[in-house]
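For reference, the structure is listed below as structure tokens.
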Amino acid sequence: MADREEQTDSDQPESKLIPLRWEGTCFECSRAIKPRQLAWWNAQAKTVTCIDCRQSDSAPPQVHGAVNPPLDVGIAGGSARQTYERLHQRREKDIEHRWGRFSGLVKFLSDDPQSIKVWAQGSKGEQILAEHMTTALGDKAVLLNDRRAPRTRGNIDHIAVASSGVWVIDAKRWNGLVELRDVGGWFRTDNRLYVKGRDRTKTVRNMSWQVEAVKASLAGMAIDVSVHAALCFVDAEWRLFAKPFTLEGVRVSGPKSLGAIIAEDGPLSRDEVMEVASRLAESLPSKPG
């Protein structure tokens with residue numbers, strides 16, 4: 001505490017006023033700050049400070065990662081969590097209807113089936129990835145979470161907009177070994193994605209509609225934007241010295257290597273990043289969480 005009290009404004013690394021992408025706690029007053037609320041983010045110190053603690057008589061600051069009104073960055077894993085809770089509550093009511101006064105015992109002795117638990121697992125995976133990307137990228141990217149695509153029932157887990165381009169990211173919290181296998185035989189190549197010994201190539205191909213939705217949203221912009229696809233495993237295993245790979249145009253990796261490539265310098269300026277992010281936030285709104 002003493003070190004913090006002795007610091008002056010000149011000692012503090014530069015902070016940015018942004019809409020928070022996850023819940024935080026004010027470094028100064030310990031007040032909880034909810035997602036989407038504006039707060040001062042210090043990328044070097046990894047701290048947030050509420051607006052009240054940084055009030056000033058100077059002109060209103062430029063908000064990084066926001067326009068007027070601030071960007072709706074969404075809540076990571078929000079819709080998946082909502083689906084899990086709805087299915088869980090439905091199962092609870094079914095047990096109560098079927099077992100009556102014994103329902104409490106049945107609930108205690110049983111658990112949600114995997115078809116329900118997978119939604120909670122997916123939600124947690126999206127949260128883990130969003131927290132990692134927020135820390136790793138800092139002010140180098142705008143991260144949009146849990147987006148709706150028009151005329152579809154699906155969602156896009158994350159869209160990162162950076163100098164390197166737009167990254168459409170599908171987060172997976174699967175355990176087991178991630179492998180690129182060639183199952184084509186002697187005279188032809190047939191590369192496939194395997195996770196825990198199962199062919200998961202369909203997951204790679206499922207990203208095509210997400211990429212097309214993003215490209216359609218950017219149509220007509222004067223800015224030339226590259227759109228990349230990434231499948232990111234947050235808890236999976238990799239062989240020793242294994243490297244990320246690209247399969248059918250989709251980068252398959254873990255969070256650390258994905259964050260590094262997104263943060264690379266690219267053709268988009270900071271203003272262009274914000275313009276692209278604003279277009280995507282409006283045309284691909286966040287799902288209710």
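Bear in mind these aren't lab numbers, they're just calculated from the coordinates by the rules spelled out. These numbers were taken from a predicted model, which means no experiment stands behind them. Glycine also receives a Cβ, built like all others from the backbone with ideal geometry; neighbour counts cover every protein chain displayed.
Hydropathy first: keep DSSP H helices in the chain averaging at least 0.0 on Kyte-Doolittle, then drop any whose Cα extent along the axis falls short of 15 Å, and list what survives. Span-like helices here: 208-218. The computed volume of the Cα convex hull per residue in Å³ for the structure shown corresponds, within (1) 196; (2) 119; (3) 212, to (3). The trypsin sites (Lys or Arg not before Pro) of segment 228-289 that meet both conditions, a loop assignment by DSSP and at most 16 other Cβ atoms within 10 Å of the site Cβ, are Arg239. Put a dot 7 Å past the Cα of Glu264, heading toward its Cβ, do the same for Ser226, and the two dots end up 0.7 nm apart. In summary, the lysines within cross-link reach of Lys172, defined as a Cα separation below 16 angstrom excluding same-chain residues under 8 places away, comprise Lys117, Lys124, Lys196, Lys202, Lys256.
Placing R0 at 35 angstrom, the Cβ-Cβ distance between Glu248 and Asn42 gives a FRET efficiency of 0.30 after rounding to 0.05. When +1 charges are put on Lys and Arg Cβ atoms and -1 charges on Asp and Glu Cβ atoms, the dipole computed for the chain relative to its Cα centre reaches about 1740 debye.
Can you give the helix-only mean residue ellipticity at 222 nm for the chain, where every DSSP H stretch with n ≥ 4 adds -39500 (n - 2.57) and the sum goes over all residues, rounded to the nearest 500 deg cm²/dmol?
Working: 8 runs with 96 residues, N = 289.
Helix contribution divided over all residues of the chain: -10500 deg cm²/dmol.
In terms of surrounding Cβ atoms within a 10 Å radius of their Cβ, Cys53, Cys26 rank from fewest to most as Cys53, Cys26. Taking the chain as a Gaussian network of alpha-carbon nodes connected by springs under 10 Å, the highest mean-square fluctuation of the residues Glu23, Glu96, Glu264 belongs to Glu96.
The simple spin-label model puts a point 7 Å past each Cα toward its Cβ; for Arg86 and Thr152 those points are separated by 1.8 nm.
Please identify every one of the chymotrypsin sites (Phe, Trp or Tyr not before Pro) in segment 167-250 that sits in a loop by DSSP and has no more than 10 other beta carbons within 10 Å of its own beta carbon.
Details: sites: Trp167, Trp174, Trp186, Phe187, Tyr194, Trp209, Phe233, Trp238, Phe241, Phe245; in loops: Trp174, Trp186, Phe187, Trp238, Phe241.
Listed in order of number, the matching sites are Trp186, Phe187, Phe241.
A straight chain from Asp139 to Gln114 at 0.36 nm per residue would run longer than the Cα-Cα distance by 5.2 nm.
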